[in-house]
Every structure is written in structure tokens, then in C-alpha cells.
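Notes for the one structure printed next.
The values are calculated or read from the model by the stated rules, or taken from the named source; none is laboratory data. Only a predicted model underlies this, so the values are computations on that prediction, with no experimental measurement involved. Positions of Cβ are generated from backbone atoms using ideal geometry, with glycine treated the same way; all protein chains shown enter the neighbour counts. Areas reflect the complete protein model, heavy atoms only, side chains present, ligands, DNA and RNA absent. Shrake-Rupley method; radii C 1.70, N 1.55, O 1.52, S 1.80 Å.
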Amino acid sequence: MVEKKSAISYESIMKDLKARKYSPVYVLMGEEPFYIDKICDYISENVLQPEERDFNQTVVFGADVTGAQVADLCKGYPMMAEYRVVVVKEAQNLRNLEALEKYLENPVKTTILVFCHKNGKLDSRKKFSALAAKAGVVFESKKLYDRNLPGFIETYLKTRKATIEPKATQMVADHVGADLHRLTSELDKLLISLPENDRRVTPEIVEREIGVSKDFNAFELRSAIVSRDVFKANQIINYFDNNPKSGSLFTLLPMLFTYFQNLMIAYYAPNRQNENELAKFLDLRSAWAAREYITGMRNYTGVKVMAIIEKFKEVDAKIKGLDNPSTPVGELMKELIFFILH
């Protein structure tokens with residue numbers, strides 16, 4: 001059996017599962033359903049052979065059963081198989097956890113209970129969490145921050161023997177966002193389109209396969225704003241205004257706010273003109289990512305950046321309807337970009 005780990009990762013769980021080192025209990029919880037589904041699906045598809053599943057694998061939903069019923073399912077022994085698998089989906093809706101707590105005190109070693117608790121996490125102060133951690137694996141699947149998406153994209157493609165150019169990475173991250181199920185689906189679409197002799201994703205391929213313009217996208221808008229290219233920024237804003245699906249203030253606001261928030265921090269870096277040192281100071285993935293901040297400090301004063309951050313707060317409030325009875329979102333976006341650039 002797998003040894004208990006205090007801060008277990010998705011990678012370590014998958015490593016043990018692939019080595020057929022199973023725990024009697026897997027409590028999978030958190031705001032990011034992607035990793036919960038990946039672990040659950042792997043267990044469901046790989047622990048038992050297809051012919052063993054009819055008698056030894058049970059899938060139930062939390063709203064349809066009680067803790068006592070789940071405990072009874074777990075107490076059964078496998079029939080002509082090494083393990084019995086019990087999967088509880090949408091476990092956040094499960095009632096009467098107390099009966100399941102009693103089972104966790106002495107779980108059946110030949111049963112693998114997979115407890116999928118989405119859209120939040122269990123209260124770590126409760127007895128159930130402590131018993132689950134003692135009996136097996138408790139894993140929290142956390143939402144990825146936007147700054148982590150490029151790394152996720154690159155790693156996902158690398159494990160499938162493909163690479164991606166930095167601009168293409170940012171185009172995908174900005175367009176799709178942190179929905180990992182949708183993101184991996186789009187990345188799979190890119191992988192299918194690649195020829196065997198050239199496994200490199202370019203901006204042109206992203207434009208063709210995902211439908212993101214390589215010239216008019218959030219990445220290019222940020223680049224134009226950083227370099228204070230008024231003409232190009234207005235071109236992109238007008239394109240977004242005429243093609244709302246390509247970019248909206250709801251997606252652009254967090255991305256641009258994060259940039260200027262980091263730019264404000266960059267002014268306090270001990271060696272702010274050195275790409276490597278600035279990247280470390282801002283906790284960026286590479287020195288390449290620091291170049292935009294060096295350019296930004298050259299084109300914007302600290303006072304202007306503070307004013308821009310205040311403007312973001314004002315526009316955000318107006319989007320939510322505060323002190324804004326009728327201004328369309330498109331006009332608010334143009335107002336924000338004009339303020340930033342002038």
C-alpha cells in the first residue's frame with residue numbers, strides 16, 4: 001500500500017497508481033475538477049480488467065446515497081479479482097458522513113474508495129478528513145493562477161513530444177483561460193494538426209486551429225500597451241469591438257491588471273534592468289517574460305502606473321453596474337485603454 005503523504009501532489013499520485021501501488025481511500029477535493037477527474041478516471045479504467053468491472057466496480061452519486069450505503073458497498077469483497085472499486089461522484093452532496101467515518105477507521109484493504117468532492121474542500125478540522133488522511137490519500141486540486149497557465153501548456157505538450165513558441169503559448173492561455181478541461185481539449189486539437197516531422201506549435205497554427213488571430217489578440221494588445229504603441233492598440237481594440245468573441249473587457253481586465261500590478265512591484269526590484277534578476281524578483285517563469293516589464297518601466301512612470309491601477313478599480317466597479325447606468329462594456333474598454341496610453 002502507498003505510504004501516507006502530508007502534501008501529496010497529482011504527479012506523485014499518478015506515479016503510484018501507474019506502479020499499481022494503491023491506497024484503500026482516495027479523497028479528491030478542490031476547486032479544479034480537471035485533476036480530480038483525471039485521477040478518478042485512471043483508477044476506474046486501470047485497476048480492474050474490463051471483464052472484472054461488472055461485479056467489482058460501483059459508481060454512485062452523492063445525492064443518491066448516504067454515507068451508510070457507501071460504507072456497505074466498501075465492505076464487500078472482490079469476486080474473482082484482486083480489488084473492489086467504489087467511486088462516489090459529486091461527494092459534496094453525500095449525507096450522513098458519520099457512518100463512513102466508522103468505515104474509515106478500519107477500511108477493507110481490498111477495496112479502493114474514490115471520493116470525488118468538487119467545488120470546494122472538506123473541513124480539515126472534521127473527523128472525516130483526519131481519518132481519510134490516516135487511511136489513505138487526501139488530495140486538494142487547486143485552481144491554477146493565470147500566471148501558471150503557460151507552464152501548464154508547455155508541460156502538457158512536452159509530455160506529448162511537442163513544443164510551442166512563447167507567443168503561441170500566450171495566445172492559447174489568454175484565449176482559453178484556466179478551464180483545464182477546455183484548455184487540454186484545445187491543446188489536443190493542436191497536437192492532432194501537427195505533422196510527424198515538425199512537432200512545434202506556432203502562432204499561425206494556433207490561429208488556424210483555435211481561431212485566435214495572431215495579430216489581434218490579448219497578447220498583442222498587451223504588447224502594444226507595454227510599448228505604448230497607440231495606433232496598434234487602437235487597431236486591436238476596434239477589432240475586439242467588432243468581434244466580441246475575440247476579446248472582451250471581462251477577459252482583458254484581469255490580464256492587464258496583473259501586468260500593471262507586477263509593473264508597480266518591478267520598480268522596487270534591486271536590479272530592475274537585469275532580466276534574470278527581475279524575473280526572480282517577480283517570480284516569473286523566465287528572463288524572456290521580464291522583458292515586458294523592463295520595457296514597461298521605460299514607458300510608464302511609477303506615478304502613472306499607480307493612476308492606471310486606480311483606473312482599473314473604477315472600470316471594474318462600472319462593469320458591475322456601480323455609478324454606471326448605461327455605458328456599454330465596449331466603451332468602457334476604449335476608455336480604459338485611452339487612459340493607459342495617454
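Here are a few things to note about the model shown:
- Magnitude of the charge dipole for the chain, about its Cα centre and with charges confined to Cβ atoms of Lys, Arg (+1) and Asp, Glu (-1), is about 820 debye.
- Difference of contour (0.36 nm per residue) and Cα-Cα distance, residue 271 to residue 68: 67.0 nm
- Rg to Rh, two decimals, where the chain supplies the alpha carbon set and Rh follows Kirkwood: 1.07
- The modelled label-to-label distance for the pair residue 182/residue 234, using points 7 Å beyond Cα in the direction of Cβ, is 3.2 nm.
- With a Förster radius of 25 Å applied to the C-beta separation of residue 46 and residue 158, the computed FRET efficiency comes to 0.60.
- Under 14 Å of direct C-alpha separation, and excluding same-chain neighbours fewer than eight residues apart, residue 18 reaches these aspartates and glutamates: 41, 45.
- Ranked by the mean number of other Cβ atoms within 10 Å of their residues, highest first, the peptides 84-92, 332-340, 302-310 fall in the order 84-92, 332-340, 302-310.
- For the chain, averaging the sequence separation of C-alpha pairs within contact (under 8 Å, six or more residues apart) and dividing by the residue count gives a relative contact order of 14 percent.
- Taking amide H atoms as placed 1.01 Å from N in the peptide plane, the amide H of residue 31 lies under 5 Å from those of 120, 141, 143, each 5 or more residues away in sequence or on another chain.
- Annotation: amide H-H contacts under 5 Å for residue 111 (H modelled 1.01 Å from N, sequence separation of 5 or more, or interchain): 84.
- In segment 233-342, lysine pairs closer than 23 Å at Cα, eight or more apart or cross-chain: 11
- 5 angstrom amide H check on residue 57, placed H, neighbours 5+ away: 85
- Average accessible surface for segment 199-342: 53 Å² per residue, computed with a 1.4 Å probe over protein heavy atoms with every protein chain in place.
- Length added when fully stretched, residue 306-residue 54, from 0.36 nm per residue minus Cα-Cα: 84.5 nm
- Cα-Cα separations in segment 267-340 greater than 21 Å, expressed as whole percent: 44 percent
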